[in-house]
Every structure is written in structure tokens, then in C-alpha cells.
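Enquirer: The structure's right below; bear with me while I get my questions together.
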Amino acid sequence: MSDETETSPAFKPMAERFRGYLPVVVDVETGGFDWNRHALLEIAAVPIELDEDGRFVPGEVASAHIEPAPGTSIDPKSLEVTGIKVDHPLRGALPEREGLDKVFMPVRAAAKKHGCQRAILVGHNAHFDLNFLNAAVGRVQHKRNPFHPFSVFDTVTMAGMAYGQTVLARAVHAAGLEWDQREAHSAVYDAERTAQLFCIIANAWPQIGNATPGVAQASSAGKLGDPDAAD
């Protein structure tokens, strides 16, 4: 008789947590607020992964600087906020199609890795990011957009419920994270901080239905605002 026994994993895989969708944090920097008129200038995406205990953790960021698409415009006031120098020779901006491909390819790879059918966008004021993303996809007629076309997870709502804060910088502070105002309004920095915020709140929320029956949860008892709380 073999001494080896089969054991079930202590947590459900990502593909079974969100109806087959992979959460991917997205942040965009733009030339204004009108996604039908203003240019997409930066995009960053951070797939959400699972660690060995089944807790949510940020994955590797994918990002691109984007050349303003033909026919789009830029409000100079938006550049005062973001600090983006559109014509800087070291900016390394890509045409819109190439920039989307640079971000979409690792997102599709992450979804495949977790057995998910597609990605679902996570963002702070998520429909702002999704609307600019969808507008760019439409302009280049991209046929392999990995994101759900209208469903999102919004960290404004999550942080509002968890901490009573809706501004990203204040929510990040409330979660016990650092916030560097000098780095803010960079797509990469904002996406990375938003991903950390999502993971802290999601890990502290009771993961009802995510544990394998009869096996204790890896950790749903983490304290909100304390990313190092013991399980």
C-alpha cells in the first residue's frame, strides 16, 4: 500500500474565482478627459497573480508610451498634471497599435497561465481607463483585445467601503502603503500602487466559496490596512 496520499489544494485557482476572468490592473495617462477626442499617451497593466497560499499578489507590469493617434488632440492642461513631454526624444513612444500589442501580449499570456477566458480591467475610476482603452482598440481595429468590453472592478468603490477614502493617494496611505507624489500620474507607478491596493483589500475580504471544501482558507483574516498581518 502506498504511503502517498493525494491532497487537494488549499484554495481555488484563479479561473474559478471571478467567473473565469483574470483581474488585470490598468492605468492610462491621456491628453484630456474625452476618450473620443483626446490622445492616449501611456498605458500600464499589472496582472493579479496568486502566491503559494492563494493570496492575491501583483504580477509583472507591462507598459508602453504611446504616440498621439492621428485625429486625436491634447489639452495642454493635462500635460501640466502628468508632466508628460510628448516630443521628448527619449520617451520611446510607440504607434498606438504597437503599444497596445506590447501590453496585450503579456496580459493574454497571464490569462492563459491561469486558465482564464479573458481579462477584466481593474482600475481607480475604472471606466475612465476602460473607455480610453476601448477607444484606442476601436481606432486601430484591434481584434485581440483580451479585456471584457464593459465589466470592471473599481478600486474607488473597494477603497470607499474599506477605508472611507476614494482618492487614490489617500486610499493607498490608508492601506499602509507609501505614496510618492513625484511619481504620481505615471501609468506604471499608479498601476503598481492600484494593484497593491486591490490585493490588500481583496485578501482581507472573506473569500467565501474560494476554499476547497473541508480545507481551511489560506488567509482571509488579514487586517485591512495591514499588508503584513498574520494569517
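Enquirer: Under 5 Å between amide hydrogens, which residues at least 5 positions from His124 or on another chain qualify, with H placed 1.01 Å from N in the peptide plane?
Expert: Residues meeting the criterion, in which the H sits 1.01 Å from N, are Thr155.
Enquirer: Turning to a different aspect of this structure: On the accessible surface of the chain, probed at 1.4 Å, how many percent belong to carbon and sulfur atoms?
Expert: 52
Enquirer: With a 1.4 Å probe and every protein chain left in place, tell me how much accessible area Trp205 has, in Å² to the nearest 10.
Expert: It works out to around 150 Å².
Enquirer: Next question. Find me the longest stretch of the chain that has none of the exposed GluC sites (Glu not before Pro), where exposed means in a DSSP loop (not H, G, I, E or B) with at most 10 other Cβ atoms within 10 Å.
Expert: Counting at most 10 other Cβ atoms within 10 Å as exposed, the longest clean stretch of the chain is 61-177.
Enquirer: When the Debye formula is applied to the Cα atoms of the chain, each taken as the same point scatterer, what base-10 log of I(q)/I(0) results at q = 0.07 Å⁻¹?
Expert: -0.24
Enquirer: Tell me the relative contact order for the chain as a rounded percent, counting alpha carbon contacts under 8 Å between residues six or more apart.
Expert: Once normalised by length, the contact order is 25 percent.
Enquirer: Oh, and also: Running a GNM on the chain with Cα contacts under 10 Å, which residue among His173, His142, His88 ends up with the highest mean-square fluctuation?
Expert: Ranking His173, His142, His88 by mean-square fluctuation puts His88 first.
Enquirer: Among the trypsin sites (Lys or Arg not before Pro) in the stretch 68-106, which ones are in a DSSP loop with at most 12 other Cβ atoms within 10 Å of the Cβ? Mind listing them?
Expert: Answer in residue order: Lys85.
Enquirer: I would also like to ask the following. Just from its helices, what would the mean residue ellipticity at 222 nm be for the chain, if runs of 4 or more DSSP H residues each count -39500 (n - 2.57) and the sum is divided by every residue, rounded to the nearest 500 deg cm²/dmol?
Expert: It comes out at -10000 deg cm²/dmol, rounded to the nearest 500.
Enquirer: Follow-up question, since we're still on this one. Just to check, using Stokes-Einstein with a Kirkwood Rh over alpha carbon pairs, what's the diffusion coefficient of the stretch 138-184 at 25 °C and 0.890 mPa s in µm²/s?
Expert: 188
Enquirer: Averaged over every viewing direction, what's the projected area of the C-alpha convex hull for the stretch 106-188? Give it in nm², one decimal, please.
Expert: So the mean shadow area of the Cα hull is 6.7 nm².
Enquirer: Another question about this same structure. On a 1.4 Å probe surface of the protein chains, which of Asp154, Asp129, Asp53 comes out largest in accessible area, and what is the full order?
Expert: Asp53, Asp154, Asp129
Enquirer: Using the Cα centre of the chain as origin and beta-carbon charges of +1 (Lys, Arg) and -1 (Asp, Glu), tell me which of Gly31, Ala111, His124 is placed farthest towards the positive end of the dipole.
Expert: Gly31
Enquirer: Per residue, how big is the convex hull of the stretch 43-131 when only Cα atoms are used? Give it in Å³.
Expert: Each residue corresponds to 136 Å³ of Cα convex hull volume.
Enquirer: Still on this structure, please answer the following. Which of Ile74, Ile201, Ile66 moves most in a GNM of the chain, Cα contacts under 10 Å?
Expert: Ranking Ile74, Ile201, Ile66 by mean-square fluctuation puts Ile74 first.
Enquirer: Taking the solvent-accessible surface of protein heavy atoms with a 1.4 Å probe, what is the per residue accessible area of the stretch 100-154 in Å²?
Expert: With the other protein chains kept in place, the stretch 100-154 gives 47 Å² per residue.
Enquirer: Mind giving me the nanometre distance, one decimal, between the label points for Ala15 and Glu98, set 7 Å out from Cα along Cα→Cβ?
Expert: 3.5
The values are calculated or read from the model by the stated rules, or taken from the named source; none is laboratory data. These numbers were taken from a predicted model, which means no experiment stands behind them. As a convention, Cβ positions derive from the backbone with ideal geometry for all residues, glycine included, and neighbour counts pool all protein chains shown. Just so you know, the surface numbers come from the protein's heavy atoms only, side chains and all, with ligands and any DNA or RNA stripped out. Shrake-Rupley method; radii C 1.70, N 1.55, O 1.52, S 1.80 Å.
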